[in-house]
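Worksheet: one structure, shown below.
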Amino acid sequence: AQKVTQAQTEISVVEKEDVTLDCVYETRDTTYYLFWYKQPPSGELVFLIRRNSFDEQNEISGRYSWNFQKSTSSFNFTITASQVVDSAVYFCALSEKAAGNKLTFGGGTRVLVKP
Amino acid sequence: DAGITQSPRHKVTETGTPVTLRCHQTENHRYMYWYRQDPGHGLRLIHYSYGVKDTDKGEVSDGYSVSRSKTEDFLLTLESATSSQTSVYFCAIRASTGSSYEQYFGPGTRLTVT
């Protein structure tokens, strides 16, 4: 069975600090996909990024970057120079190709960026 | 914007009453999903559909049923609502992106069972 663990329940930082969110996953499938979603206080779920199991290239998009390491089953997310608008709950999720691409979510990490 | 709407957006109902939540999409996606979100649990899959009249159970399906008679609509029914079903319910669609897939979510329905 697939499982996603986000050990950090809440992180508080001061604006302009960097913040890294940890995500560890478990899967038996060889083909799977990893995701990060953002849920701001308004409640909607915003898709941020998808990574395929066969593509370990890390990515930077603006102030966001992702570190995918199959060897440690981790898919960490970093916000550089955080801003107040980054305050939200961030979810890591996993889907297995063999399981109909159903998403399994971690419990979420609440990020609070203080001015 | 993946063209997903949910109705109602908010609902308060009493224990034992039936409730139906609707998810509507405008982009002809084959796969649709219902999740519930509760504090400390993230989102958990209730049911999903892989085509008209084709549905399957998810992790927390007890007490829920679904129907999909048209591609664009996926209905979630609580036959007899209980207080444990107080939650925020999200619908999602699966969109193809080359050889991969991504899920996009509707705005959510906040359901309170008193």
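The values are calculated or read from the model by the stated rules, or taken from the named source; none is laboratory data. This structure is a prediction, so every number in the text was calculated from the model and none was measured. Because the Cβ atoms are built from the backbone with ideal geometry, glycine has one as well, and the counts that use them run over all protein chains shown.
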Inspect all residues belonging to segment A:40-58 and state whether any of them is under 20 Å from residue A:115 (Cα atoms), touching a residue at least 12 places away in the same chain (Cβ under 8 Å) and surrounded by 17 or more Cβ atoms within 10 Å (Cβ to Cβ). no
Determine if segment B:47-55 includes at least one residue that is in contact (Cβ under 8 Å) with a residue 60 or more places away in the chain, within 14 Å of chain A (Cβ to nearest Cβ), surrounded by fewer than 17 Cβ atoms within 10 Å (Cβ to Cβ) and more than 17 Å from residue A:91 (Cα to Cα). no
Are any residues in segment B:84-107 closer than 13 Å to residue B:21 by Cα, at the interface with chain A (Cβ under 9 Å from one of its Cβ atoms) and either surrounded by fewer than 21 Cβ atoms within 10 Å (Cβ to Cβ) or among the polar types (S, T, N, Q) (or both), and if so, which ones? B:88, B:107
List the residue pairs whose Cβ atoms are under 9 Å apart, where the first residue sits in segment B:95-114 and is charged (D, E, K, R), the second is buried (at least 20 other Cβ atoms within 10 Å of the Cβ), and the two are 6 or more positions apart or on different chains. B:102/A:33; B:102/A:35; B:102/B:94; B:110/B:87; B:110/B:89
Among the residues of segment A:45-72 satisfying the criterion of being in contact with a Phe, Trp or Tyr (Cβ under 7 Å, 6 or more places away or on another chain) and part of a loop (DSSP other than H, G, I, E, B), which is nearest to residue B:91 (Cα to Cα)? A:45
Given (1) farther than 27 Å from residue B:39 by Cα; (2) among the charged types (D, E, K, R); (3) within 13 Å of chain B (Cβ to nearest Cβ), where does residue A:59 come up short, assuming only one miss? (3)
Only one residue in B:7, B:83, B:87 is more than 27 Å from residue A:48 (Cβ to Cβ), among the polar types (S, T, N, Q) and at pLDDT 95 or above. Which one? B:83
Looking at segment A:73-88, can you tell me whether even one residue there is polar (S, T, N, Q) and free of Cβ contacts under 8 Å to residues at least 24 places away in the same chain? no
